[in-house]
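K.L.:
Below are the structure tokens for one structure; questions will follow.
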Amino acid sequence: MSHANAALTPRARLKVAQLVVDHNVPIREVAARFQCSRPTVKRWATRYADGQLMTDRSSRPHTSPQKTTPATTKRIVSLRLRKRIGPVQLAALTGVAPSTAHRVLRRCQINRLNYLDRATGDRVRRYEHPHPGSMIHVDVKKLGNIPDGGGWRFVGRAQGTRNRAQTKGKPKNRHHSPKMGYAFVHTVIDDHSRVAYAEIHDDETAATAVAVLRRAVIWYADRGVTIERVLSDNGAAYVSHLWRDTCTELQIKHSRTRPRRPQTNGKIERFHRTLADGWGYARCYSSEDERRAALSAWLHTYNHHRPHTAIGNKPPSARLINLSDQYT
């Protein structure tokens, strides 16, 4: 491709060729006028006379006798996917130089092991739906409730056990979370924007999951997002008739992942890791109520302020418009 300051752009080349071929202007005079060499003028004139285009040509050679054969390339890729070995080992098995094996891996975009699925060795196929609402991912993250005084992760095993025993003996307050047991974080994340919605409940039943879906649909609608499709795993709540009927009522197409393939729902699985690191176990909470109260503020930070590497280091809300709290 011609650079920005090139003297002979395709239009200028055409003019050079026309002066020589059509108007019989001497090559030396044309070369002086356009400040280029006589062989260059002759080359463009010959190409014009032969009816060829004046555009740039590829610098790739017509033949490459030393080019790696398709069979060798296929074997390098096959060994990489099956054994996940590096260029040096691949070179020893295929009879090529390590630099050649590495070049093949780069060309096939499998030069890093994190591009391959850990379980199967298949190449990771990343996808992103075209606009907000075209697909949402739903799942449940299960966390152990924190006893009063703090959990063992921060206060140690011995003190954590004592806090748990003391908290377990206290009567439950019906206005708050249960003192012990588990917290079920029902999460929803938009595939395109990564804007997330979450609620904490004491169970993962179909009735609870359906209620969360209904409220999530309203929450996204307030932000200008219409849900068209939902992807879930094969949990009991998501295979129930209640979930099916609710999706039909809301005009949402429901899809499920293949059994034992959480990678298909990888965006929300990765969100759960971020959720646990940034909120669930981020600091020493003195009680479960304190942790639950902190979820709303963390979600706001995640949606509006935290840079997301998958969307160009911008917060998820940057892919939505006209949000009332977008700049707070």
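Each value in this text was obtained by applying a stated rule to the coordinates, not by laboratory testing. Everything numeric here is computed off the predicted structure, so don't read it as measured data. Positions of Cβ are generated from backbone atoms using ideal geometry, with glycine treated the same way; all protein chains shown enter the neighbour counts.
K.L.:
Would you mind checking the radius of gyration and Dmax of the chain based on alpha-carbon positions, in Å?
P.N.:
Both quantities, over Cα of the chain: 31.0, 105 Å.
K.L.:
How compact is region 260-309 by the rule of thumb for globular proteins, expressed as Cα Rg over 2.2 N^0.38 Å?
P.N.:
Dividing the Cα radius of gyration by 2.2 N^0.38 Å gives 1.30.
K.L.:
How high is the FRET efficiency from Val21 to Arg60, r the C-beta distance, R0 41 Å, rounded to 0.05? It would help to have the intermediate numbers written out before the result.
P.N.:
Details: r = 28 Å, r/R0 = 0.68.
Once rounded, the FRET efficiency stands at 0.90.
K.L.:
Applying a 10 Å radius around every beta-carbon, put 50-59, 27-36 in order of their mean neighbour count, most first.
P.N.:
Ranked from most to least packed, the peptides come out as 27-36, 50-59.
K.L.:
Considering the dipole of the chain built from charges on the beta carbon (Lys and Arg +1, Asp and Glu -1) around the Cα centre, which of Thr46, Val217, Ala165 is farthest to its positive end?
P.N.:
Most positive-ward Cα: Thr46.
K.L.:
If you look at just the Cα atoms of region 10-49, how large are its Rg and its Dmax in Å?
P.N.:
In order Rg, Dmax, the Cα atoms of region 10-49 give 8.4, 22 Å.
K.L.:
Collect residues whose amide H, placed 1.01 Å from N in the peptide plane, falls under 5 Å from the amide H of Gly144; neighbours closer than 5 in sequence don't count.
P.N.:
Under 5 Å from the amide H of Gly144: Ala183.
K.L.:
Let me ask another. Could you tell me which residue out of Gln109, Gln89, Ile76 lies farthest along the dipole of region 70-115 toward its positive end? Charges go on the beta carbon: Lys and Arg +1, Asp and Glu -1, centred on the Cα centre.
P.N.:
Projecting each Cα onto the dipole axis, the largest value belongs to Gln109.
K.L.:
Also, quick follow-up: Given H placed 1.01 Å from N in the peptide plane, which residues other than close sequence neighbours of Gly133 have an amide H under 5 Å from its amide H?
P.N.:
Asp191, His192, Ser193
K.L.:
Can you work out ³J(HN,Hα) from phi for every residue in region 196-209, in order, using Karplus 6.51 cos²θ - 1.76 cosθ + 1.60 and θ = phi - 60°, giving whole Hz and x for Gly and Pro?
P.N.:
Here the 3J(HN,Hα) series is 10, 9, 8, 9, 9, 9, 9, 8, 10, 6, 5, 4, 5, 4 Hz.
K.L.:
Can you give the % of DSSP beta bridges in the chain that are antiparallel, to the nearest 5? Don't skip to the answer; put the middle values down first.
P.N.:
Numbers: 17 of 23 bridges.
If we restrict to bridges inside the chain, about 75 percent are antiparallel.
K.L.:
Compute and list, largest first, the equivalent-ellipsoid semi-axes of region 201-272 from the alpha carbon gyration tensor, each √(5λ) rounded to a whole angstrom.
P.N.:
Semi-axis lengths for region 201-272 are 19, 15, 13 Å.
K.L.:
Still on this structure: What are the ³J(HN,Hα) couplings of region 252-259, residue after residue, when phi is run through the Karplus curve with 6.51, -1.76, 1.60 and θ = phi - 60°? Round to Hz, x for glycine and proline.
P.N.:
Couplings: 10, 7, 9, 10, 10, 6, 5, x Hz.
K.L.:
Note down, for region 1-72, the three equivalent ellipsoid semi-axes (square root of 5 times each alpha carbon gyration tensor eigenvalue), biggest first, whole angstrom.
P.N.:
31, 14, 11
K.L.:
For region 70-115, take every pair of Cα atoms, bin their distances at 5 Å starting from 0, and report each bin as a whole percent.
P.N.:
5, 26, 44, 21, 4, 0
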